[in-house]
Structures are given as structure tokens and as C-alpha cells.
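Asker: Got a structure for you, questions after.
The values are calculated or read from the model by the stated rules, or taken from the named source; none is laboratory data. For clarity, every value in this text was computed on a predicted model and none was experimentally measured. Glycine also receives a Cβ, built like all others from the backbone with ideal geometry; neighbour counts cover every protein chain displayed.
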Amino acid sequence: MNTLRLYGRSMAILIKSQLQYPLSFLMQTIAQLVMEGGEMLALILLIDRFDRLNQWGPGDLYFFFGLMSVSFYLTEIFGRGVTGNFPYMVRTGQLDTVLLRPRGVLTQVLCSAADPRRITCIAVGVVSLVLGSNLSKIAWTLPKVLLFIEAIFFSFWLILGLFMIVAILCIHSVKSVELANTLTYGGRSACEYPSDIYPRALRVLFTVIAPFALVMHVPASMILDKPLYGWPEWVAYVTPLSGLVLFGIMYLLFRKAMRFYRSTGS
Amino acid sequence: MSYISVDHLCKTFTVRKKREKGSLMREKETIHALKDVSFEIEKGELVGYIGPNGAGKSTTVKILSGILVPENGKVSVGGMTPWTDRKAHVRRIGVVFGQRSQLWWDVPLLDSYSLLRDIYRVSEADYQKRLNELTEALQLGNLLRTPLRLLSLGQRMRAELCGSLLHSPELLFLDEPTIGLDAVSKLALRDFLLWENQEKGTTILLTTHDMEDIAALCPRVMVIGHGEKLYDGGLQEMLSKYDTKRTVQVEEHRNIDHVIADMYRDLGI
Amino acid sequence: METQYRGAVLGGLICQLFFGIVLVAIYRALYAGKPQTMPLSHVTTYVWLQQAFFRMLVATDPELLDKIRTGAIAYDLCRPLHLYGYYYARILAQKLTGSVLRALPMLVFAALLPEGWGLCLPASVPALLLALLGLILGLFCVSALENITMAFTMRTLDPRGMQGMLNLLMMTLAGNILPLTLFPDSWQRVITLLPYAQLLDTPIRLYTGEYAVSQAPEALLIQICWTALLVFIGCTFWRTNQRKLIIQGG
């Protein structure tokens with residue numbers, strides 16, 4: 001509980017800090033809207049021209065897009081410390097200050113930054129979800145609502161886990177952060193669409209290595225009553241757990257990397 | 001056993017050199033940051049730790065504060081090994097790096113302090129008592145509602161000290177605390193450190209290049225060079241030992257910095 | 001080349017390749033459902049050329065941005081240089097080296113991909129030559145555009161706000177997110193006239209033959225007009241910036 005309280009207080013301070021520069025904050029928030037709006041515009045134009053993508057109709061595609069937007073930018077809001085602050089901390093030696101405090105390193109890193117500007121991206125995602133739900137005439141039942149929340153919850157951990165690759169690489173002073181971005185940002189762009197439209201190699205990548213398909217597409221297609229890969233219904237409740245598994249693996253690797261940091265110095 | 005005991009401490013770093021033309025592998029160079037360093041510090045002591053740049057001072061402090069893990073040697077601080085139980089250890093210590101801030105840049109000091117209270121899990125009553133005490137001793141009272149970025153360098157250093165002492169650590173590491181401060185701020189800071197040491201019994205290890213700091217504060221000095229401990233004892237003995245040129249030269253008052261420079265030369269570091 | 005820099009280039013290259021493959025896969029699936037009048041090979045070619053010359057679009061001079069933010073630019077402003085020309089040349093050179101270095105391996109890779117995935121051959125030899133000419137004009141145009149943003153940043157001192165927005169707008173209107181050829185036809189008539197379309201869209205259309213050789217003079221003329229106009233605006237902007245600074249006394 002104490003950790004949650006600490007997190008809440010840290011967020012309050014961060015927001016207070018960012019509001020010290022209101023104009024810049026506003027501009028950047030609008031910029032985020034332009035970006036995500038552009039992405040959604042592209043989807044609208046594609047649907048306008050092609051009508052459908054394999055078995056997936058316009059509503060389905062908006063639903064998948066919205067699910068990805070909401071989960072991804074939710075993670076960016078709260079996980080900003082891992083991708084943004086952490087590399088900076090390692091470079092400047094600020095990480096030492098973190099190690100001097102009686103709290104977990106990851107807790108402090110997550111407390112050190114947040115990116116509330118992404119809220120506009122989430123708004124775009126919500127619009128897309130509502131649009132998709134209406135067009136596909138989803139009959140919402142309690143299990144479906146729960147499944148939806150489960151999907152977003154575990155997507156958060158999946159994406160945070162992928163973000164941690166950047167942190168792990170930069171402890172080992174690897175500069176090719178763009179390589180890690182292939183999985184995270186590449187995965188985001190690719191998995192705005194259901195994974196079954198991709199050739200086998202990409203499908204395996206998004207199912208086994210960066211399991212966006214298991215965490216998002218399997219439950220989403222169940223909500224849309226079009227089971228992905230023809231898997232039975234109960235599977236959709238289980239597969240999202242893989243997001244937490246990936247996070248767990250990354251957390252262990254992160255701890256190992258921190259041990260390396262502490263024995264090699266910086 | 002002493003409060004801090006350091007026994008045959010060794011630490012090496014491997015630095016990757018630039019790849020030379022024609023060779024496939026990059027050469028690695030091993031730097032011995034600490035070679036077999038041992039010393040003991042009693043509770044309540046105020047010790048100066050000096051040496052030229054790159055001598056191994058920061059490495060020692062980083063090991064003692066649990067950030068770095070050494071290859072060899074034993075360290076015990078208050079009966080605990082710093083790096084094996086980092087969280088329990090750092091709760092009892094405070095560290096101030098002169099050139100690195102631990103406070104939040106854009107918010108009032110009071111917000112930073114109350115966040116530190118949450119981080120260190122200090123009870124509200126203890127926090128209020130300690131904060132009043134420190135703000136009075138450090139004359140921070142009217143600055144508490146000012147954001148850090150608007151403070152002068154001297155004010156900032158006082159604010160940092162307050163932040164590192166809020167959880168009433170029993171051991172304080174100071175790394176260049178007076179760097180860049182004006183004369184008034186320097187004197188006030190020294191007064192405060194003496195007060196903290198005498199009133200609270202806080203053990204202080206002071207790393208600095210400012211010999212005036214050492215002369216004003218530390219009865220005991222340790223000198224380190226090339227990763228080895230070269231001197232450990234009283235400041236006056238050290239000065240008379242290395243101030244050899246005074247008898248020869250006409251000038252009566254030689255700057256303390258000159259003596260130290262001579263000493264470093266004598267010791268070959 | 002420094003090893004770490006080489007690593008960053010390689011990482012960026014793999015990232016770009018990955019994005020290209022994903023995009024092509026999506027268009028292939030879309031085309032399987034409803035083929036369009038424009039052949040699939042033109043779309044995949046569009047994707048690969050966009051990916052290859054992606055570096056031309058993004059602003060790539062963090063050093064200059066730093067200079068503006070810290071105020072160190074004041075030194076440059078006091079030098080006896082034709083500032084606009086100096087920075088124009090600098091941006092141009094950076095975009096050229098940055099994109100050629102990355103474009104060549106990308107194009108080789110895309111050319112080696114199986115039929116229906118990769119880069120198709122240019123419509124004809126004249127089309128290729130015209131496309132190259134268009135690319136060079138596009139480079140001049142994008143450098144002029146970036147120079148204006150630069151001058152604008154000097155005024156607002158906020159490199160992330162305005163410039164970030166313009167960058168993102170550019171991604172959409174230059175055809176990086178969705179090929180401009182897939183926009184609704186009525187939109188295309190307007191968008192292709194905007195400066196953003198001059199950067200990559202025009203040369204790509206010349207390459208695939210979307211713009212026939214007979215239409216090329218018109219397309220190239222639009223590019224030239226935009227470049228001239230943007231250079232003129234940028235020059236004026238820099239001059240007023242400079243004057244303002246001198247009046248304020250730095």
C-alpha cells in the first residue's frame with residue numbers, strides 16, 4: 001500500500017512540474033492528437049477504399065485499432081520512466097541516486113516520470129473502440145466486459161515488459177535502441193491489425209516472442225464473436241496472461257542487468 | 001568492532017579501448033580503482049578523505065554506500081555488508097554529491113521533502129520534528145515554498161543537505177559539498193556539519209579538494225592515491241611531515257594547498 | 001566509422017525494414033480482398049521508397065536544436081556569414097549523407113524480395129532519370145522547409161512543440177503513413193499540390209509511371225516553384241530573426 005501511495009504522490013509532483021510550462025505542455029498534447037489522429041485517418045481511408053480485410057469488417061478493424069491505442073498509450077503514460085528517463089539516468093549517473101534510496105529500482109524509475117500528454121491518443125483510441133463496437137454491433141455481456149478489461153490490463157504489462165528491453169540494453173551500454181523499437185513500435189503498428197492477416201513468420205513473432213496476438217487479438221476476436229485461429233472460447237480468458245509472463249521474464253533480466261551495473265560501475 | 005571497517009578492499013574496472021586498425025578484437029584495459037585498502041572508522045568520527053582526481057575516492061564511497069560491489073575484501077558498516085542488503089543499508093545513510101541533485105527541479109522544496117519522507121517511510125511526527133530542526137540550522141525557513149531551480153548554488157547545497165538528512169541517517173557521505181560556494185555559504189555549511197556531528201553524533205566522511213574544509217572540520221585525514229591508502233592520521237602531523245620546505249624558504253605562511261601538492265608529489269601520485 | 005554509431009545505423013535499418021515488410025503484408029492482404037486499378041506492385045514500391053528515404057523527412061540536427069535552446073546560436077548569428085545559406089547547406093548535407101547511407105542497403109534488400117513483396121522496376125529509363133531529378137528537387141524542397149521550422153524554433157524556443165507537430169503532419173501528408181496514391185481521388189488533387197507531397201511523393205510517382213513522362217515537366221515545375229517560395233520565406237524569416245537579435249543586443 002505504501003508503494004501505491006508513493007506512486008500517487010510522485011505522479012502529483014510530476015504533473016505539478018509539467019504544469020509549470022503550460023504552453024509547451026498544451027502544444028505537445030495537441031501534437032499527440034495530430035499524430036494519433038493521422039494514424040486513425042489512415043485506417044479510415046483504407047477502409048473507405050478496401051471495405052474489409054479478409055474476414056474482418058470495418059467495425060472489427062476499428063475495434064482492434066482502438067484496443068491497441070488505448071493499451072499502448074496507457075503504458076506510455078505510466079511507463080515513460082522506463083523508456084524516457086532510465087537511459088538518461090544511466091548516462092548521467094543519476095541512477096546512483098536511485099540506488100541510494102531504500103526502494104526498488106523499478107519502483108523508483110516508474111515513479112520518476114509520466115507522460116500525461118498521451119491522454120489525447122487514448123481519446124482517439126476510445127473513439128475508435130466505440131465506433132468499432134457500434135459498427136460491429138457487439139452484444140456486450142458481463143463476461144465480454146471482463147474479458148475486455150483483462151485484455152487491456154495484461155496488454156499494459158506486455159508493453160511495459162517490451163519497454164524494459166530498452167532499459168536492459170542501455171545498462172549494458174548498447175546504443176542500438178532502435179533495434180528494441182522494432183519490437184515495441186513495430187509491434188504496435190503491425191498489431192493494430194489482427195495478426196491472422198500476416199504471413200506465418202510474422203504471426204509466430206507476434207504470438208510467441210512479442211505475444212500481442214495472445215494478449216489482444218485472441219480476446220478481441222472473441223468479443224467480436226469471430227474466434228481467431230478457430231480456438232475455443234475459454235482460451236481467450238487464458239492467453240492474455242502471457243503478457244504478465246513476458247513482463248516477469250523482462251523483470252528478471254532487468255534485475256540481472258542491475259547486478260551487472262553494480263559490479264561494473266559506470 | 002569499529003562502526004565502519006574496511007578490510008583489504010579491491011575493485012577493478014575493465015575499460016574497452018578503441019579498436020585499432022588490423023586487430024579483430026578490441027583490447028580491454030583493466031584499471032585497479034582500489035588496491036587492498038583497509039581502514040576503520042569509529043562511530044561519531046568526522047573523517048576527511050582526500051586524494052587527487054581519479055585516486056579512488058568516489059569508488060570507495062560508492063562501495064560503502066552499497067551502489068557498487070567490490071571484487072574482493074570485506075566491508076561492514078554498523079554490522080551490515082552494504083551491497084548484500086542494499087535497501088536496509090541505505091535507509092541508515094545519507095549521501096550528498098556536490099554536483100548531482102536528488103531533489104525535484106520544478107517543485108517547491110517542501111514537496112520534494114515530503115516525497116522523500118514517503119520514500120524513507122519516516123513517520124509524520126519524526127518528519128516534522130526533524131524538518132523544523134534542519135530548516136532552522138540550515139536557515140531554509142523562507143525557502144521551503146520556492147522551487148529548486150530558482151535557488152542560488154549555496155541555497156541549493158543547503159537544500160540538498162536537508163534532503164539527505166531528513167531520515168536522520170547515522171552515517172553521512174559528503175562528496176565535494178562546498179564546490180562553487182561563496183565564502184559566507186562555505187562557513188555556514190561547515191558550522192552546520194560540526195553541529196550535526198556533535199549534536200546528533202552523525203558519523204561523517206568528507207571527500208573534498210578544498211583543504212580549508214578539511215582543516216576546519218576533520219581531526220583525522222585519510223589520503224588515497226592510485227587506489228592505495230597512503231596516509232591515515234591527524235591533519236597537523238600530516239602537515240608537519242610534508243611541509244618540508246618551510247624551513248628553507250623565507251615565506252612564513254605557505255598556503256595549505258601548496259603543502260598538499262608537495263605531499264602528492266612526495267608520495268608519487 | 002565509430003562502432004556504436006555503426007550499431008545505431010544497423011539498428012535503424014532493421015527497424016525500417018521491419019516496418020516495410022509489415023506495411024507490404026497489410027497491403028497484400030487488402031489487395032487480396034479488393035484489387036484496385038493501381039497495381040499492387042506500385043503500392044509496395046511506394047512503401048519501400050518511402051522507407052528507404054525516410055531519413056530525408058525527419059529533422060536530424062539535434063546539435064543545432066541544442067544550440068538554439070541554450071542560446072549558443074547567438075555566436076553564429078554574430079559571425080559574418082550568410083546564415084540562411086550556411087544552415088541550408090548544412091541541413092542539405094546532413095539529409096543527403098543520412099539518407100543515402102541508409103537508402104542503398106534498403107533498396108538492395110527490397111529488390112531482392114520475392115515477386116509481389118518488393119521493389120518493381122521503374123516504368124522506363126526516362127522515368128528513372130526524371131524520378132532522380134525529382135528526388136534531388138525534393139531534397140532541396142525539404143531542406144528549405146526544415147530551415148523555416150528551424151527559424152520558427154528560434155522564435156518560440158520550444159523545439160518539441162511546434163516542430164513535433166509539423167513533423168507529424170509531414171509524415172501523413174508526405175505519404176509515409178499511407179501512400180498518397182491510396183487517398184481518395186478528390187483529396188489527392190489537393191494534397192499533391194502541397195509542399196509535403198513534393199518531397200517523396202512526386203519522385204515516387206515519376207518512378208512508377210503514375211506520372212507519365214509527358215506530365216513530368218508540370219510535376220517538376222511545381223517542385224521548383226515550391227522550393228523557390230520556401231527559400232524566399234525562410235530567407236526573410238532568418239533575416240528578421242537576425243535583426244531582432246542585433247537590436248536586442250544579443
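Asker: Tell me which residues, restricted to region C:189-205, are over 11 Å from the mean Cα position of the chain (by Cα) and either surrounded by fewer than 21 Cβ atoms within 10 Å (Cβ to Cβ) or not in a helix (DSSP H, G or I) (or both).
Answerer: Result: C:189, C:190, C:191, C:192, C:193, C:194.
Asker: Can you find, within region B:207-216, the residue that is farthest from residue B:60 (Cα to Cα) among those that are in a helix (DSSP H, G or I) and under 13 Å from the mean Cα position of the chain (by Cα)? Break it down stepwise before answering.
Answerer: From region B:207-216, those in a helix (DSSP H, G or I) are B:211-216; that's our starting set.
Restricting the remaining residues to those that are under 13 Å from the mean Cα position of the chain (by Cα) gives B:213-214.
Values: B:213: 20, B:214: 18 Å.
This residue is B:213.
Asker: How do the helices (runs of 4 or more DSSP H) wholly within region C:30-129 filter down when requiring 1 or more residues that are among the hydroxyl-bearing types (Ser, Thr, Tyr) and within 24 Å of the chain's Cα centre (by Cα): which remain?
Answerer: Answer list for region C:30-129: C:40-52, C:83-112.
Asker: May I ask you to list the residues in region B:123-141 that are assigned to a helix (DSSP H, G or I), in contact (Cβ under 8 Å) with a residue 12 or more places away in the chain and not hydrophobic (A, V, I, L, M, F, W, C)?
Answerer: So in region B:123-141, the residues assigned to a helix (DSSP H, G or I) come out as B:124-137, B:141.
Cutting the leftovers down to in contact (Cβ under 8 Å) with a residue 12 or more places away in the chain gives us B:126-127, B:130-131, B:134-135, B:137.
Residues satisfying the conditions are B:126, B:127, B:130, B:135.
Asker: Only one of (1) over 22 Å from the mean Cα position of the chain (by Cα); (2) on the phi > 0 side of the Ramachandran plot is not met by residue B:176, so which one is it?
Answerer: (1)
Asker: Can you name the residue in region B:86-122 that is under 21 Å from the mean Cα position of the chain (by Cα) and in a loop (DSSP other than H, G, I, E, B) and is also farthest from the other protein chains (Cβ to nearest Cβ) among such residues?
Answerer: Among those residues, the one meeting the criterion is B:98.
Asker: If you scan region A:81-139, which residues turn out to be of a type in the set (A, V, I, L, M), farther than 23 Å from residue A:166 by Cβ and more than 14 Å from chain B (Cβ to nearest Cβ)?
Answerer: A:123, A:124, A:126, A:127, A:129, A:130, A:131, A:135, A:138, A:139
Asker: Another question, if that's okay. Just to be sure, is residue B:55 away from chain A (no Cβ under 14 Å), surrounded by fewer than 20 Cβ atoms within 10 Å (Cβ to Cβ) and more than 15 Å from residue B:162 (Cα to Cα)?
Answerer: No.
Asker: Let me ask something else about it. Going residue by residue through region B:76-85, is there one that turns out to be in a helix (DSSP H, G or I) and within 9 Å of chain A (Cβ to nearest Cβ)?
Answerer: no
Asker: Looking for something crowded, with 22+ Cβ neighbours inside 10 Å, within 9 Å of chain C (Cβ to nearest Cβ) and either without any contact (Cβ under 8 Å) to a residue 40 or more places away in the chain or of a type in the set (Phe, Trp, Tyr) (or both) - is there at least one such residue anywhere in region A:199-211?
Answerer: Within region A:199-211 (the criterion being crowded, with 22+ Cβ neighbours inside 10 Å, within 9 Å of chain C (Cβ to nearest Cβ) and either without any contact (Cβ under 8 Å) to a residue 40 or more places away in the chain or of a type in the set (Phe, Trp, Tyr) (or both)), the answer is no, since none of the residues qualifies.
Asker: Using the structure shown, decide if residue B:185 is more than 19 Å from residue B:61 (Cα to Cα), assigned to a helix (DSSP H, G or I) and hydroxyl-bearing (Ser, Thr, Tyr).
Answerer: Here the answer is yes, as residue B:185 does meet what is asked.
Asker: Pick out the one residue from A:167, A:220, A:180 that is modelled with pLDDT of 95 or more and in contact with a helix residue (DSSP H, G or I) (Cβ under 7 Å, 6 or more places away or on another chain).
Answerer: A:220
Asker: So which residues in region A:225-243 are out of contact with any Leu (no Cβ under 8 Å at 6 or more places or on another chain) and either modelled with pLDDT of 95 or more or in a helix (DSSP H, G or I) (or both), if there are any at all? Give the steps one after another, and end with the answer.
Answerer: Looking only at region A:225-243, we keep the residues that are out of contact with any Leu (no Cβ under 8 Å at 6 or more places or on another chain), and these are A:225-235, A:238, A:241.
Answer for region A:225-243, where residues must be out of contact with any Leu (no Cβ under 8 Å at 6 or more places or on another chain) and either modelled with pLDDT of 95 or more or in a helix (DSSP H, G or I) (or both): A:228, A:229, A:230, A:235, A:238, A:241.
Asker: Right, here's the next one. Which of the residues spanning region A:38-63 are touching a residue at least 24 places away in the same chain (Cβ under 8 Å) and either facing chain C (nearest Cβ under 7 Å) or of a type in the set (Lys, Arg) (or both)?
Answerer: As a first pass, look at region A:38-63 and keep what is touching a residue at least 24 places away in the same chain (Cβ under 8 Å): A:39-40, A:43, A:53-63.
Hits for region A:38-63 are A:39, A:53, A:54.
Asker: Out of C:112, C:200, C:180, which single residue is within 13 Å of another protein chain (Cβ to nearest Cβ) and either more than 30 Å from residue A:18 (Cα to Cα) or in contact with a Leu (Cβ under 7 Å, 6 or more places away or on another chain) (or both)?
Answerer: C:180
Asker: If you don't mind, there's one more thing I want to ask. Limited to region C:24-40, what total is found for residues that are surrounded by 17 or more Cβ atoms within 10 Å (Cβ to Cβ) and of a type in the set (S, T, N, Q)?
Answerer: Of the residues in region C:24-40, the ones surrounded by 17 or more Cβ atoms within 10 Å (Cβ to Cβ) are C:24-31, C:40.
Cutting the leftovers down to of a type in the set (S, T, N, Q) gives us none.
Residues flagged as surrounded by 17 or more Cβ atoms within 10 Å (Cβ to Cβ) and of a type in the set (S, T, N, Q) within region C:24-40 amount to 0.
Asker: Then there is this: How many residues are facing another protein chain (nearest Cβ under 7 Å) and closer than 20 Å to residue C:107 by Cβ when one looks only at region C:18-40?
Answerer: Total meeting the criteria: 4.
Asker: Checking residue A:3 against (1) touching a residue at least 12 places away in the same chain (Cβ under 8 Å); (2) of a type in the set (S, T, N, Q); (3) within 14 Å of chain C (Cβ to nearest Cβ), only one condition comes out false. Which one?
Answerer: The single condition residue A:3 does not satisfy is (3).
Asker: Given the conditions (1) over 28 Å from residue B:180 (Cα atoms); (2) in contact with a helix residue (DSSP H, G or I) (Cβ under 9 Å, 6 or more places away or on another chain); (3) within 13 Å of chain A (Cβ to nearest Cβ), report the number of the one that residue B:72 does not fulfil.
Answerer: Going through the list (1) over 28 Å from residue B:180 (Cα atoms); (2) in contact with a helix residue (DSSP H, G or I) (Cβ under 9 Å, 6 or more places away or on another chain); (3) within 13 Å of chain A (Cβ to nearest Cβ), residue B:72 breaks only (2).
Asker: If you check residue C:111 against the conditions, is it over 22 Å from residue C:148 (Cβ atoms) and surrounded by 14 or more Cβ atoms within 10 Å (Cβ to Cβ)?
Answerer: It is false that residue C:111 is over 22 Å from residue C:148 (Cβ atoms) and surrounded by 14 or more Cβ atoms within 10 Å (Cβ to Cβ).
Asker: Restricting to region A:103-130, what's the tally of residues that are within 20 Å of residue B:93 (Cβ to Cβ) and surrounded by fewer than 18 Cβ atoms within 10 Å (Cβ to Cβ)?
Answerer: Of the residues in region A:103-130, 2 are within 20 Å of residue B:93 (Cβ to Cβ) and surrounded by fewer than 18 Cβ atoms within 10 Å (Cβ to Cβ).
Asker: Answer yes if at least one residue in region C:211-233 is of a type in the set (Ser, Thr, Tyr) and either in a loop (DSSP other than H, G, I, E, B) or touching a Leu at 6+ places or on another chain (Cβ under 9 Å) (or both), and no otherwise.
Answerer: Checked against the condition, which is being of a type in the set (Ser, Thr, Tyr) and either in a loop (DSSP other than H, G, I, E, B) or touching a Leu at 6+ places or on another chain (Cβ under 9 Å) (or both), region C:211-233 yields at least one hit.
Asker: Sticking with this one: Can you find, within region B:157-205, the residue that is surrounded by the most Cβ atoms within 10 Å (Cβ to Cβ) among those that are basic (Lys, Arg) and farther than 24 Å from residue A:102 by Cβ?
Answerer: Filtering first and then ranking leaves B:186.
Asker: Taking region A:10-34, which residues are within 8 Å of another protein chain (Cβ to nearest Cβ), of a type in the set (A, V, I, L, M) and crowded, with 21+ Cβ neighbours inside 10 Å?
Answerer: A:31
Asker: Let me ask something additional. Quick check on this structure: which one of B:128, B:99 is polar (S, T, N, Q) and modelled with pLDDT under 95?
Answerer: B:99
Asker: With the structure loaded, tell me whether residue A:193 is aromatic (Phe, Trp, Tyr), in contact (Cβ under 8 Å) with a residue 40 or more places away in the chain, within 12 Å of chain C (Cβ to nearest Cβ) and surrounded by 20 or more Cβ atoms within 10 Å (Cβ to Cβ) or whether it fails that test.
Answerer: yes
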